[in-house]
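Reviewing the structure listed below.
All of the numbers you see were taken from the coordinates with simple rules; none came from a lab. Everything numeric here is computed off the predicted structure, so don't read it as measured data. Please note: Cβ atoms are built from the backbone with ideal geometry, for glycine as well, and neighbour counts cover all protein chains shown.
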Amino acid sequence: MAMTSGEIETLIREAFPDAHVVVVPLADDGDHFAARVASKQFEGLSRVKQHQLVYTALKGRMGGVLHALALETTVP
């Protein structure tokens, strides 16, 4: 079952309530998205750790229901 950008955004916002989140589809297949997430919770963390936290927020959907996520994380 495919995901929507709104579903992805909701999952990320649940984990990072302070975040500015933008999710856009890269294709019309529900499997390929790009996301930009800016959160103070990323402060002091490596880019890899930031991305791991976002993947954790997706609750196991990454690599399954969600095939690809081009991810950009920043500290506001």
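Separation between the residue 20 and residue 5 pseudo-spin-labels, each 7 Å from Cα along Cα→Cβ, expressed in nm?
About 1.7 nm, to one decimal.
Mind checking the chain for trypsin sites (Lys or Arg not before Pro) that DSSP puts in a loop (not H, G, I, E or B) and that have at most 14 other Cβ atoms within 10 Å?
Listed in order of number, the matching sites are 59.
Based on DSSP H runs of at least 4 residues, each adding -39500 (n - 2.57), what is the mean residue ellipticity at 222 nm of the chain after dividing by all its residues, to the nearest 500 deg cm²/dmol?
Helix-only estimate at 222 nm: -9000 deg cm²/dmol.
For the pair residue 72/residue 28, report the inter-label distance in nm, with labels modelled 7 Å from Cα in the Cβ direction.
Each label point lies 7 Å from its Cα, and together they span 2.5 nm.
For the chain, what does the equivalent ellipsoid look like in terms of its semi-axes, each the square root of 5 times an eigenvalue of the Cα gyration tensor, given largest first in whole Å?
Whole-Å semi-axes of the equivalent ellipsoid: 20, 12, 11.
Please state the charge dipole magnitude for the chain, taken about the Cα centre, from unit charges on C-beta atoms (+1 on K and R, -1 on D and E), reported in debye and rounded to the nearest 20.
About 300 debye.
For the pair residue 48/residue 65, report the inter-label distance in nm, with labels modelled 7 Å from Cα in the Cβ direction.
It is 2.9 nm.
Rounded to whole Å, give me the distance from the Cα center of region 48-70 to that of region 23-38.
Rounded to whole Å, the Cα centres lie 12 Å apart.
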